[in-house]
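Peer 1: Structure provided below as structure tokens; questions to follow.
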Amino acid sequence: MRITVLGSGTSQGVPFIACSCAVCTSSDPHDKRTRPSILIDLGDVSESGRPEGPRDTSAVRDAVRYVLVDTTPDLRQQCLDNHVTRVDAILFTHSHADHICGFDDIRRFNQLQQTSMPCFGDGETLADLRRMFSYVFTGPKQQGGGVPQVRTSVIGGPFTLGATEIVPVPLLHGILPVLGFRMGTFAYLTDCNRIPDASWPLLDGVTTVVIDALRRRPHSTHFCLDEAVAVASRLGVGRAYFTHVTHDLGHAETCAQLPRGVELAYDGLVIDA
Ligand SMILES: [Zn+2]
Ligand SMILES: [Zn+2]
Ligand SMILES: [Zn+2]
């Protein structure tokens with residue numbers, strides 16, 4: 001499985017609009033952070049990777065390889081920058097604007113793949129998508145441009161995409177319940193400041209994690225650096241990458257101070273897990 005960090009920044013992105021701080025004006029490309037998202041490549045689903053047997057074209061067509069987590073306001077640019085040519089399914093963590101406002105760009109993948117997009121989220125998140133993008137679900141008032149074609153499924157527990165089990169991991173983002181996701185030994189835990197007791201066992205055996213770490217100072221809805229380091233340590237992971245990073249943290253100087261095996265994620269980071 002290969003994970004590409006499409007965006008590693010906080011809700012406003014970095015640089016902030018009209019900010020002249022050292023990080024926002026940094027020339028280090030690692031300090032340019034778009035809104036938080038990852039693309040997961042579950043692996044080869046081509047004929048050569050399939051078991052012997054009668055050719056089943058519908059199964060090939062419906063095979064799931066590339067799974068996007070969230071549709072940020074930067075989705076279009078993220079796809080261009082990372083040469084994303086295909087998305088087979090989308091998982092939503094929650095419905096905050098920085099995680100859903102690129103929803104309309106699903107249209108391009110509808111055109112490329114000639115099929116509707118399977119979208120997965122908890123009931124609250126899907127209800128918010130229906131409300132905020134009502135034109136997608138009720139049809140446009142006039143023809144022209146088109147609207148995203150989506151198929152939504154409520155996440156009620158672990159489910160399978162391709163041959164991979166997707167385990168939703170309930171997290172708390174302040175008082176808002178959100179979902180992290182675990183696949184194999186990898187977990188993506190953005191937008192959280194607490195892992196409920198019942199969720200820790202779901203993370204047993206995880207060796208690589210991408211986790212929320214907004215800044216040094218504590219925050220009411222996001223883990224800060226020390227808290228995220230403590231979570232990585234309790235999980236016992238070999239590798240932890242911090243995401244949803246704000247402009248308080250310069251990439252190079254922060255990474256130099258983090259424990260071994262822990263670093264800030266950055267846009268374009270590729271992780272094999
Ligand atoms: Zn966020
Ligand atoms: Zn700044
Ligand atoms: Zn959020």
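The values are calculated or read from the model by the stated rules, or taken from the named source; none is laboratory data. Everything numeric in this text was worked out from a predicted model, so none of it was measured. All Cβ positions, even for glycine, are placed from backbone atoms using ideal geometry, and neighbour counts span all protein chains on display. Areas reflect the complete protein model, heavy atoms only, side chains present, ligands, DNA and RNA absent. Shrake-Rupley method; radii C 1.70, N 1.55, O 1.52, S 1.80 Å.
Peer 1: Residue check: is Asp81 acidic (Asp, Glu) and either open to solvent by less than 10 Å² (accessible area, probe 1.4 Å) or farther than 24 Å from Ala187 by Cβ (or both)? Before the answer, list the steps.
Peer 2: Values: acidic (Asp, Glu): yes; either open to solvent by less than 10 Å² (accessible area, probe 1.4 Å) or farther than 24 Å from Ala187 by Cβ (or both): yes.
The answer is yes for Asp81.
Rundown of residues vs (1) away from ligand 3 (no atom under 15 Å from the Cβ); (2) buried (at least 17 other Cβ atoms within 10 Å of the Cβ); (3) under 30 Å from Gly174 (Cβ atoms), yes/no style:
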| residue | (1), (2), (3) |
| --- | --- |
| Ile100 | no, yes, yes |
| Ala127 | yes, no, yes |
| Val136 | yes, yes, yes |
| Gly139 | yes, no, no |
| Gly145 | yes, no, no |
| Ser153 | yes, no, yes |
| Gly157 | yes, no, yes |
| Leu161 | yes, yes, yes |
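Peer 1: Out of (1) within 16 Å of ligand 1 (Cβ to nearest atom); (2) surrounded by fewer than 15 Cβ atoms within 10 Å (Cβ to Cβ), the odd one out for Asp122 is which?
Peer 2: (2)
Peer 1: How many of the residues in segment 172-205 are over 14 Å from the mean Cα position of the chain (by Cα), without any contact (Cβ under 8 Å) to a residue 60 or more places away in the chain and open to solvent by less than 20 Å² (accessible area, probe 1.4 Å)?
Peer 2: 3
Peer 1: Sticking with this one: In segment 84-97, which residues are more than 22 Å from Gly156 (Cβ to Cβ) and either in contact with a Cys (Cβ under 7 Å, 6 or more places away or on another chain) or surrounded by fewer than 15 Cβ atoms within 10 Å (Cβ to Cβ) (or both)?
Peer 2: As a first pass, look at segment 84-97 and keep what is more than 22 Å from Gly156 (Cβ to Cβ): 84-87, 97.
Thr85, Arg86, Ala97, listed by residue number.
Peer 1: Give me the helices (runs of 4 or more DSSP H) completely within segment 90-158, filtered to those with at least 1 residues that are of a type in the set (A, V, I, L, M) and either farther than 17 Å from Arg76 by Cα or in contact with a helix residue (DSSP H, G or I) (Cβ under 6 Å, 6 or more places away or on another chain) (or both), ordered by residue number.
Peer 2: Details: elements: 97-100, 106-113, 123-132, 134-138.
By residue number, 123-132, 134-138.
Peer 1: Can I ask one more? Out of Val60, Val45, I need the residue that is at pLDDT below 95, part of a helix (DSSP H, G or I) and open to solvent by less than 80 Å² (accessible area, probe 1.4 Å). Which one?
Peer 2: Values: Val45 fails: part of a helix (DSSP H, G or I).
One residue alone meets the criteria, Val60.
Peer 1: Which one of Ile100, Ile106 is in contact with a Leu (Cβ under 7 Å, 6 or more places away or on another chain) and modelled with pLDDT of 95 or more? Please lay out each step first, then the result.
Peer 2: On the way: Ile106 fails: in contact with a Leu (Cβ under 7 Å, 6 or more places away or on another chain).
The match here is Ile100.
Peer 1: Find the residue count for segment 159-191, including only residues that are over 21 Å from Thr4 (Cβ atoms) and assigned to a loop (DSSP other than H, G, I, E, B).
Peer 2: 2
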